Amino acid sequence: MKLTLVESGGLAAGLRLGRPPLVLDLSTLPEADARELADLVSVARQAPAAAESSRRVPDEMSYTITVDDGEAQEALHRSDTTMSQGFAELVDRLHRLASSG
Amino acid sequence: MTEKRVLNCIVPPHILAKLLESSDAEIREAAMRTLLTTMRLQGEREVRATLLGRAAPAEGRRTVYDCRHSTFLPSAVLARSEDGASSGDDSVNRAFDGFGATRQFYLEIMGRNSIDDRGMRLDGYVHRGVDYNNAFWDGQEMVFGDGDGRIFSDFTGSLDVIGHELTHGVTEHTAGLEYHNQSGALNESMSDVMGCLVKQWTMRQTAEDADWLIGAEVFTPGFDGDALRSLKAPGTAYDNDTFGKDPQPDHMDGYLELPDTDEGDNGGVHLNSGIPNHAFYQAAVGIGGYAWEAAGHIWYESLRASTPTTDFQAFADTTVGKAGDLYGSSEQDAVRDAWDHVGISVSSGTARRRPPVSVPGGNGTTAEVARDMDQLLAQVERLRQDLHLPA
């Protein structure tokens, strides 16, 4: 399984624009990390995005995590105000694994 | 007894307006002197607040919550309230103090009672999430991240960032500028402008002396750059290998056509804001002195006169019109030159002509009365000049 995270918007939107996405191939990770990530993905998938307000929220960030299992791709799109705690945990874990890797 | 009356009794605005329009020079001057005396005693903005029937400060009560690194705001715990003791947590105190400075700026300088002009509570949430590199306004409260500690540090660190976020609330309650394309870039720009003004006012800096940077303090020393954005020189806030060069344009020639999507920053709202940002800087320096005085008032009143779909040209036209209404020809020229500098031309025919002063009536909304008061104060200023009275 391969995970791709694109972050955009926010107060520092200018710094994020055009930055390369964060990509993690689970097959390159230690088994425990890979299993944990896969679990977080299934939790994040199950929690739908909270209803967005009709107005855009100034300076909130948005996140697109693309889950590629080799056969199909699924994009999970959330924002600071619509994401579940599970989704937030997945974003956090992706950051940690990417910076340690 | 007589003196007490002068101190406490303020002539109702509709009567004052009639007196100031009187054909009898003596009556005009008497009305003028009454108003000036009161203004000198109490301060112009306070007189305005009193005329609008408002209570003095102490509204916009502040509460700061600690998210304890969760992204789920309802689980945050109370960390400091308006009447409570200060916290042992610097982030909490910085958010609290930043709210106070911004609230005071809007009250004293703009005559605005908190975000909604009706004393709206100011709620803040600090330590949101883990290593969260952002701060935002969600329509009800301000949310701050701690930063990742490598590039970004605590987002409560910059007073201009706090002023920026609260101004998103002010914009939502006034023009309601839609958060995409040019109206969105104006929305962002208004937040940058007022964020800078809150900081400059707090530090008593002139337009010439200020750094005009947004978010200089949200970075760690590990970041090779000055800030998130610069109003003085958009496009120069940073230039490094990790993030490249600050992409903000400072002129319409560099306007970035980006998709109206999350990935495209809703049509580049944080990028194209460089254009109106730089126009404000040029206007402030062109007029000189403190930017929160003439330039700040002109921009704020133009925001109040704007609509959700106002674009750069329409906003520029409004500011030139307001500069003439509220100040005079030299300020109007400075504002027109400022827009010209960023590639937006406002012909003298385009700028709105000064409307006749209407007499505030008893049935208008607060906003209408406030607008009438602005016109009245401008009229008073012209009259003061006619009569050669000291300011």
I'd like to check something: does the stretch B:59-70 contain any residue that is modelled with pLDDT under 95 and within 27 Å of B:Cys196 (Cβ to Cβ)? yes
Please list, ordered by residue number, the strands (runs of 3 or more DSSP E) wholly in the stretch A:1-95 having 2 or more residues that are buried (at least 18 other Cβ atoms within 10 Å of the Cβ). A:2-9, A:61-68, A:73-79
Failed item in (1) modelled with pLDDT under 95; (2) touching a Gly at 6+ places or on another chain (Cβ under 9 Å); (3) open to solvent by less than 60 Å² (accessible area, probe 1.4 Å), with B:Arg352 passing the rest: (3)
Candidates B:Asp317, B:Asp337 - the one that is touching a Gly at 6+ places or on another chain (Cβ under 8 Å), touching a residue at least 12 places away in the same chain (Cβ under 8 Å) and surrounded by fewer than 22 Cβ atoms within 10 Å (Cβ to Cβ): B:Asp337
Log entry, pairs with first residue in the stretch A:12-26 being farther than 20 Å from B:Leu256 by Cβ and within 10 Å of chain B (Cβ to nearest Cβ), second being assigned to a loop (DSSP other than H, G, I, E, B) and open to solvent by 40 Å² or more (accessible area, probe 1.4 Å), beta carbons closer than 6 Å, six or more apart or on different chains, reads none
Tally up the residues in the stretch B:125-155 that are facing chain A (nearest Cβ under 7 Å), over 23 Å from the mean Cα position of the chain (by Cα) and within 14 Å of A:Ala13 (Cα to Cα), please. 1
Going through the stretch B:188-227 one residue at a time, which ones are assigned to a loop (DSSP other than H, G, I, E, B), within 13 Å of another protein chain (Cβ to nearest Cβ) and either touching a His at 6+ places or on another chain (Cβ under 7 Å) or buried (at least 21 other Cβ atoms within 10 Å of the Cβ) (or both)? B:Gly215, B:Ala227
The residue that is surrounded by the most Cβ atoms within 10 Å (Cβ to Cβ), considering only those in the stretch B:293-307 that are under 14 Å from B:Thr171 (Cα atoms) and not acidic (Asp, Glu), is B:Trp299
Name the single residue that is farthest from B:Gly268 (Cα to Cα) among those in the stretch A:56-82 being more than 7 Å from every other protein chain (Cβ to nearest Cβ) and among the charged types (D, E, K, R). A:Glu71
From the list B:Gly119, B:Gly84, B:Gly124, B:Gly88, which one is crowded, with 23+ Cβ neighbours inside 10 Å, outside any helix (DSSP H, G or I) and out of contact with any Pro (no Cβ under 9 Å at 6 or more places or on another chain)? B:Gly124
B:Tyr290 vs. criteria open to solvent by 40 Å² or more (accessible area, probe 1.4 Å), hydroxyl-bearing (Ser, Thr, Tyr) and without any contact (Cβ under 8 Å) to a residue 40 or more places away in the chain: no
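Residue by residue, here is whether (1) open to solvent by 30 Å² or more (accessible area, probe 1.4 Å); (2) basic (Lys, Arg); (3) more than 13 Å from chain A (Cβ to nearest Cβ); (4) closer than 18 Å to B:Ser345 by Cβ holds:
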| position | (1), (2), (3), (4) |
| --- | --- |
| B:Arg229 | no, yes, no, no |
| B:Tyr238 | no, no, no, no |
| B:Asn272 | no, no, no, yes |
| B:Gly286 | yes, no, yes, yes |
| B:Thr309 | yes, no, yes, no |
Which of the residues belonging to the stretch B:94-134 are free of Cβ contacts under 8 Å to residues at least 60 places away in the same chain and polar (S, T, N, Q)? B:Gln104, B:Ser114, B:Asn133, B:Asn134
Whether any residue in the stretch B:253-265 is in contact (Cβ under 8 Å) with a residue 60 or more places away in the chain and open to solvent by 50 Å² or more (accessible area, probe 1.4 Å) is what I want to check. yes
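The values are calculated or read from the model by the stated rules, or taken from the named source; none is laboratory data. Note that this is a predicted model, so its numbers are computed, not measured. Cβ coordinates were reconstructed from backbone atoms using ideal geometry, including for glycine residues, and neighbour counts include every protein chain displayed. Heads up: the accessible areas ignore ligands, DNA and RNA and are worked out on the full protein's heavy atoms, side chains in. Shrake-Rupley method; radii C 1.70, N 1.55, O 1.52, S 1.80 Å.
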